[in-house]
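Worksheet: the structure to be examined is printed underneath.
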Amino acid sequence: MSVCVLGGVNLDHVARVADLPRPGETVASRSLIQFPGGKGANQAVAAACLGAETRLLGAVGQDSAGDFMLDFLVGAGVNVGGVRREAGAPTGQAFITVDDAARNMIVVAAGANALYGAQAALSADLAGAKVILTQFEATLEAIEAIFRRPDAAGAIKILNTAPALSEGAALLALADLLILNETELASFAGLDAEPADASAALAAAQVLARPGQTVLATLGAAGAVAVRGDEAFQVPGLRQRAVDTTGAGDCFCGALAAGLSRGLTLPDAMAFANAAAALSVTRAGAAASMPLAAEVEALMAGA
């Protein structure tokens, strides 16, 4: 195993609409489709599709949605030996609305994900993990437990701060590398508004970074920036015709983990992840939209 992902496993229900509803408004859906999802599952599938030997840690219910998710993950090449089946809760569900501009609104019911706690993380198999990737769809107890394990010290510990939970701020210092989008960066850096451009994002990342820690900010179509000590890195966006942006951030995280696990430098891994995320928005769904390594390499060569 080269990448170990801890995080949420959900069945996504995706409704397509012309415009996102305003508070109190009802809009008609053109379609309703079920997709595999959850940030942990999405990131694990991205890493596996890009060639990393990937193990997922998490939980699903003992229900048909759990069966569906495990079958999909196995088919995508993810090792699901660390995914627990819980009788006490249903598989997590996400309710996603996507408009004609590819913007989305998401509501998540955690279900079985909430039962994966510290004890499960302490007993999980980390053998061979070069990168440990998690996000705030995992329980905070599980994140802290796995990052503090002595056998995790030799791995690159990546925390994706999505969704931006204020109570998760105490865990930021445990990660070697933080990945935040513009909204999360503003929240954790104490900004009044999202950074206006790449320079502002770099400045905010520098404020947030602890000694020895890398802070990386994804900027959507504008690419990504990162700071590490006195060094700053930036990769420009690769504009694609967007169909569905759901899962693009997860694709970036999984692709970055895959790149780092095979020894890419941080700038090269960022460029690789940026290209993978750009491809993912051209397809519907989250986990189902993750590209293969050959597709990413072709896009990078063309760019």
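The values are calculated or read from the model by the stated rules, or taken from the named source; none is laboratory data. Because the structure is predicted, anything quoted here is derived from the model rather than measured. No Cβ is skipped: glycine too gets one built from the backbone with ideal geometry, and neighbour counts run over all protein chains shown.
Looking at Arg262, Arg283, which is the one that is within 24 Å of Asp100 (Cβ to Cβ) and either modelled with pLDDT under 90 or not hydrophobic (A, V, I, L, M, F, W, C) (or both)? Only one candidate qualifies: Arg283. If only residues of segment 128-173 that are in a helix (DSSP H, G or I) and β-branched (Val, Ile, Thr) are counted, the one that is surrounded by the most Cβ atoms within 10 Å (Cβ to Cβ) is Ile146. The set of residues in segment 21-45 being in a strand (DSSP E or B) and more than 17 Å from Phe136 (Cα to Cα) consists of Ser31, Leu32, Ile33, Gln34, Phe35, Pro36.
Evaluate segment 197-219: report whether one residue or more is assigned to a strand (DSSP E or B) and basic (Lys, Arg). So far as segment 197-219 goes, no, none of its residues is assigned to a strand (DSSP E or B) and basic (Lys, Arg). Only one of the listed residues (Ala18, Ala48) is buried (at least 23 other Cβ atoms within 10 Å of the Cβ) and outside any strand (DSSP E or B). That residue is Ala48.
Consider Asp125 carefully, then state whether it is of a type outside the set (Gly, Ala, Ser), loosely packed, with under 15 Cβ neighbours inside 10 Å, without any contact (Cβ under 8 Å) to a residue 12 or more places away in the chain and not in a helix (DSSP H, G or I).
On the way: of a type outside the set (Gly, Ala, Ser): yes; loosely packed, with under 15 Cβ neighbours inside 10 Å: yes; without any contact (Cβ under 8 Å) to a residue 12 or more places away in the chain: no; not in a helix (DSSP H, G or I): yes.
Criteria not met by Asp125.
Checking each residue in segment 51-102 for being aliphatic (A, V, I, L, M), surrounded by fewer than 20 Cβ atoms within 10 Å (Cβ to Cβ) and touching a Gly at 6+ places or on another chain (Cβ under 6 Å) picks out only Ala89.
Can you find even one residue in segment 237-245 that is out of contact with any Pro (no Cβ under 9 Å at 6 or more places or on another chain), among the β-branched types (Val, Ile, Thr), more than 21 Å from Leu159 (Cβ to Cβ) and not in a helix (DSSP H, G or I)? Quick ask: steps written out before the conclusion?
Taking segment 237-245 and keeping what is out of contact with any Pro (no Cβ under 9 Å at 6 or more places or on another chain), we get 237-245.
Remaining after also requiring among the β-branched types (Val, Ile, Thr): 243, 245.
Now narrow it down to the ones that are more than 21 Å from Leu159 (Cβ to Cβ): 243, 245.
Next, only the ones that are not in a helix (DSSP H, G or I) stay: 243, 245.
Within segment 237-245, one or more residues are out of contact with any Pro (no Cβ under 9 Å at 6 or more places or on another chain), among the β-branched types (Val, Ile, Thr), more than 21 Å from Leu159 (Cβ to Cβ) and not in a helix (DSSP H, G or I).
When the residues of segment 272-295 are filtered to those that are surrounded by 22 or more Cβ atoms within 10 Å (Cβ to Cβ) and hydroxyl-bearing (Ser, Thr, Tyr), the one that is nearest to Pro36 (Cα to Cα) is Ser289.
Yes/no per residue for (1) free of Cβ contacts under 8 Å to residues at least 60 places away in the same chain; (2) within 21 Å of Ala276 (Cα to Cα); (3) not β-branched (Val, Ile, Thr):
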{"position": "Leu11", "(1), (2), (3)": "no, no, yes"}
{"position": "Arg16", "(1), (2), (3)": "no, no, yes"}
{"position": "Leu20", "(1), (2), (3)": "no, no, yes"}
{"position": "Ala28", "(1), (2), (3)": "yes, no, yes"}
{"position": "Gln34", "(1), (2), (3)": "yes, no, yes"}
{"position": "Gly37", "(1), (2), (3)": "no, yes, yes"}
{"position": "Gly51", "(1), (2), (3)": "no, yes, yes"}
{"position": "Leu57", "(1), (2), (3)": "no, no, yes"}
{"position": "Gln62", "(1), (2), (3)": "yes, no, yes"}
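Output the number of residues of segment 251-268 satisfying the condition of being closer than 13 Å to Gly51 by Cβ and either surrounded by fewer than 24 Cβ atoms within 10 Å (Cβ to Cβ) or free of Cβ contacts under 8 Å to residues at least 24 places away in the same chain (or both).
Step one: filter segment 251-268 for residues closer than 13 Å to Gly51 by Cβ, giving 254-255, 257-264.
Okay, now just the ones that are also either surrounded by fewer than 24 Cβ atoms within 10 Å (Cβ to Cβ) or free of Cβ contacts under 8 Å to residues at least 24 places away in the same chain (or both), so 262-264.
Qualifying residue count, segment 251-268: 3.
Please work out if Glu137 is charged (D, E, K, R) and without any contact (Cβ under 8 Å) to a residue 40 or more places away in the chain. Give the steps one after another, and end with the answer.
Details: charged (D, E, K, R): yes; without any contact (Cβ under 8 Å) to a residue 40 or more places away in the chain: no.
So Glu137 does not fit the description; no.
Taken as a whole, the condition of being touching a residue at least 12 places away in the same chain (Cβ under 8 Å), part of a helix (DSSP H, G or I) and over 16 Å from the mean Cα position of the chain (by Cα) applies to Phe72.
Kindly establish whether Val60 is out of contact with any Cys (no Cβ under 8 Å at 6 or more places or on another chain) and assigned to a loop (DSSP other than H, G, I, E, B). Against the criterion (out of contact with any Cys (no Cβ under 8 Å at 6 or more places or on another chain) and assigned to a loop (DSSP other than H, G, I, E, B)), Val60 does not qualify. Looking only at segment 105-122, filter to residues that are part of a strand (DSSP E or B) and surrounded by fewer than 18 Cβ atoms within 10 Å (Cβ to Cβ); which one of those is modelled with the lowest pLDDT? Ranking the candidates gives Ile106 first.
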